[in-house]
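The values are calculated or read from the model by the stated rules, or taken from the named source; none is laboratory data. In this text the structure is predicted, and so the values were computed from the model without any measurement. Positions of Cβ are backbone-derived with ideal geometry, glycine not excepted, and every protein chain shown enters the neighbour counts.
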Amino acid sequence: MVLLLLVFAVTQGGATPDSVVVHEEWLEADVPKVQSKQVEHVKSGDTAGLILKRLGFSASEAARMIDAAKAVYPLQRIYVGHTFTREVIKGKAVVYYYIDANQKLELTALTSTSWKAALKQRSIFSRVSIVKASIQDSLFWDAAKAGLADNVILKMVDMFAWDIDFSRDLRKGDSFQVMFEESFDDKGQKVGYKILAATFTNRGHVYSGIRYETERGVEYYDVAGRNLRKTYLKSPVKYSRISSRFRSSRKHPVLGYTRAHRGVDYAAKTGTPIRAIGDGKIVYKGWKGGYGRFIEVRHNNGIHSTAYAHMSRYAKGMKRNKHVKQGQIIGYVGMSGLATGPHLHFEFRSRGRAVNPLKVKHKPAKPVPQGEINAFNLQAKAMMLIMAQFDPLRHWG
């Protein structure tokens, strides 16, 4: 096999985003030429016999093929949306059934009346891309113009969600750079992606994240090996704005009189997901007077609790005494109870006393294990160097 390395650079206008794509593709040596190819998708009500008939085989030939396959994969187990492919190579027919992202059944004609069946591993190809952009309009708008798909943008937001409140912290002129890998199967369909490294410059401060796998699993760490994950998320609602802050007195928009506002209001569209900001157990779920549909979560340290009010509905499965994980969706923004518009009223309580959620300090999770710090430093340095040396004009040569 040979490795073909292709580098493409693109400079786009508007928000002046720059992007580079580094494409790695493994090419098989001496690949036999396919003389013809036919693809059939499994439809509702299909059997393997019907599909093989559509591929041009007689009923008796299809029966022999199905019988040959029994030893390695029974063709009674086919699924809607999966595909059969017939190829002719050097005058002989080869039929593939794509079982999943990793395996395919290969049926090869030995003679005019006999077939050989085998399970084959599917090849996975990867493409590594580097995208950088500055924010002039909005994160999603400028990231999309730079060539980032929504799922990569969302993953990047999740990476830095413990340090950056994307609903209130972003400013014009902030910038980011992200290196990510996309995986494709042997049919060219995308089967996965992962962010390898990223930086986000917010209000002049540079946040970094490097993907690294330890015995605890995959985590993202900054360049010093500190875990990006914190005890609590900075915000329970993504892509919203703060409509009312924590204060000792505020004129209530419905009741009209002045009283303390012991939380933060996040204005967002009805139906926007609400996330638990930390691990814990639901201690209250139900209607709570002016709060409307309400959930209270007591967090694992036993000291802190958080409250989420005015929901339009609860997430499926939410009930009292249920344990929830950080980032888990527990409900959806609404305006139940005393509310003039859709928003989340969010409270953070320490030993039962409400404190300003925007001033709570967030402790980081465990850093890179000491025994792996040297290996991490080498990986982090290499990734940061690749991104730092990225120059679109130089790549054009």
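Scan (1) closer than 17 Å to GLY209 by Cα; (2) at pLDDT 85 or above; (3) of a type outside the set (D, E, K, R); (4) not in a strand (DSSP E or B) for the single condition PHE166 breaks and write down its number.
Against the list (1) closer than 17 Å to GLY209 by Cα; (2) at pLDDT 85 or above; (3) of a type outside the set (D, E, K, R); (4) not in a strand (DSSP E or B), PHE166 comes up short only on (2).
If I filter region 301-330 down to residues being within 24 Å of the chain's Cα centre (by Cα) and at positive phi, which single residue comes out as modelled with the lowest pLDDT?
Among them, the one singled out is GLY327.
When the residues of region 256-279 are filtered to those that are in a strand (DSSP E or B) and either hydrophobic (A, V, I, L, M, F, W, C) or touching a helix residue (DSSP H, G or I) at 6+ places or on another chain (Cβ under 6 Å) (or both), which remaining residue is modelled with the lowest pLDDT?
In the first step, residues of region 256-279 are kept if they are in a strand (DSSP E or B); the result is 258-261, 264-267, 273-275.
Still in the running and either hydrophobic (A, V, I, L, M, F, W, C) or touching a helix residue (DSSP H, G or I) at 6+ places or on another chain (Cβ under 6 Å) (or both): 260, 264, 267, 274.
Values: ALA260: 63, VAL264: 90, ALA267: 91, ILE274: 96.
This residue is ALA260.
Yes/no per residue for (1) in the same structural domain as MET159 (by TED's automatic domain parsing); (2) of a type in the set (A, V, I, L, M, F, W, C):
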| position | (1), (2) |
| --- | --- |
| LEU196 | yes, yes |
| ASN202 | yes, no |
| ILE210 | yes, yes |
| GLU213 | yes, no |
| ARG216 | yes, no |
| GLU219 | yes, no |
| ALA224 | yes, yes |
| SER235 | no, no |
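Might you check whether a residue that is surrounded by 15 or more Cβ atoms within 10 Å (Cβ to Cβ), in a strand (DSSP E or B), outside the structural domain of ALA268 (by TED's automatic domain parsing) and touching a Phe, Trp or Tyr at 6+ places or on another chain (Cβ under 7 Å) occurs anywhere in region 185-193?
yes
Quick one: is VAL95 crowded, with 20+ Cβ neighbours inside 10 Å, part of a strand (DSSP E or B) and assigned by TED's automatic domain parsing to the domain that holds MET384?
Numbers: crowded, with 20+ Cβ neighbours inside 10 Å: yes; part of a strand (DSSP E or B): yes; assigned by TED's automatic domain parsing to the domain that holds MET384: no.
Criteria not met by VAL95.
Just one of the numbered conditions (1) within 15 Å of LEU107 (Cα to Cα); (2) at pLDDT below 95 is not true of TYR73; which one?
If we test TYR73 against (1) within 15 Å of LEU107 (Cα to Cα); (2) at pLDDT below 95, just (2) comes out false.
Just one of PHE84, PHE57 is aromatic (Phe, Trp, Tyr) and more than 18 Å from ARG122 (Cα to Cα); which is it?
Working: PHE84 fails: more than 18 Å from ARG122 (Cα to Cα).
Exactly one residue qualifies, and that residue is PHE57.
Just give me the residues in region 55-71 being surrounded by fewer than 14 Cβ atoms within 10 Å (Cβ to Cβ) and farther than 13 Å from SER112 by Cα, in sequence order.
Looking only at region 55-71, we keep the residues that are surrounded by fewer than 14 Cβ atoms within 10 Å (Cβ to Cβ), and these are 56, 58-60, 67, 70-71.
Matches in region 55-71: GLY56, ALA59, ASP67, LYS70, ALA71.
Among the numbered conditions (1) surrounded by 19 or more Cβ atoms within 10 Å (Cβ to Cβ); (2) at pLDDT 90 or above; (3) in contact with a Ser or Thr (Cβ under 9 Å, 6 or more places away or on another chain), tell me where PHE160 comes up short.
Of the numbered conditions (1) surrounded by 19 or more Cβ atoms within 10 Å (Cβ to Cβ); (2) at pLDDT 90 or above; (3) in contact with a Ser or Thr (Cβ under 9 Å, 6 or more places away or on another chain), the odd one out for PHE160 is (3).
Could you say whether any residue in region 367-377 is under 28 Å from the mean Cα position of the chain (by Cα), over 16 Å from THR231 (Cα atoms) and free of Cβ contacts under 8 Å to residues at least 12 places away in the same chain?
yes
Suppose we filter ASP137, ASP142, ASP150 for residues that are surrounded by 16 or more Cβ atoms within 10 Å (Cβ to Cβ) and either under 18 Å from GLU181 (Cβ atoms) or acidic (Asp, Glu) (or both); which single one remains? Walk me through how you get there before you give the answer.
Numbers: ASP137 fails: surrounded by 16 or more Cβ atoms within 10 Å (Cβ to Cβ); ASP150 fails: surrounded by 16 or more Cβ atoms within 10 Å (Cβ to Cβ).
Only one candidate qualifies: ASP142.
Condition first: surrounded by 18 or more Cβ atoms within 10 Å (Cβ to Cβ) and among the aliphatic types (A, V, I, L, M). Now tell me which residues in region 72-91 satisfy that.
LEU75, ILE78
If you go through region 76-94, how many residues are within 34 Å of the chain's Cα centre (by Cα) and within 14 Å of TRP115 (Cα to Cα)?
Residues in region 76-94 being within 34 Å of the chain's Cα centre (by Cα) and within 14 Å of TRP115 (Cα to Cα): 0 in total.
Determine, yes or no, whether PHE125 is within 30 Å of SER167 (Cβ to Cβ) and of a type outside the set (A, V, I, L, M). Don't jump to the end; show me each part of the working.
Details: within 30 Å of SER167 (Cβ to Cβ): no; of a type outside the set (A, V, I, L, M): yes.
No: the conditions fail for PHE125.
Considering region 168-196 alone, what residues qualify as being under 30 Å from PRO357 (Cβ atoms) and among the aliphatic types (A, V, I, L, M)?
LEU170, VAL178, ILE195
Which residue pairs have Cβ atoms under 6 Å apart, sit 6 or more places apart or on different chains, and have a first residue in region 212-236 that is on the phi < 0 side of the Ramachandran plot and a second that is β-branched (Val, Ile, Thr)?
Matching pairs, first to second residue: TYR221/ILE210; TYR221/VAL368; TYR232/ILE277; LEU233/ILE277; PRO236/ILE274; PRO236/ILE277.
For region 304-316, check the following and say yes or no: at least one residue is touching a residue at least 40 places away in the same chain (Cβ under 8 Å) and charged (D, E, K, R).
no
For region 136-156, give me the residue count where each residue is within 24 Å of ARG229 (Cβ to Cβ) and touching a strand residue (DSSP E or B) at 6+ places or on another chain (Cβ under 7 Å).
Initially, region 136-156 is screened for residues within 24 Å of ARG229 (Cβ to Cβ), giving 139-140, 143, 148-156.
Then keep just the ones that are touching a strand residue (DSSP E or B) at 6+ places or on another chain (Cβ under 7 Å); that gives 143, 148, 151-152, 155-156.
Summing the residues that are within 24 Å of ARG229 (Cβ to Cβ) and touching a strand residue (DSSP E or B) at 6+ places or on another chain (Cβ under 7 Å) in region 136-156 gives 6.
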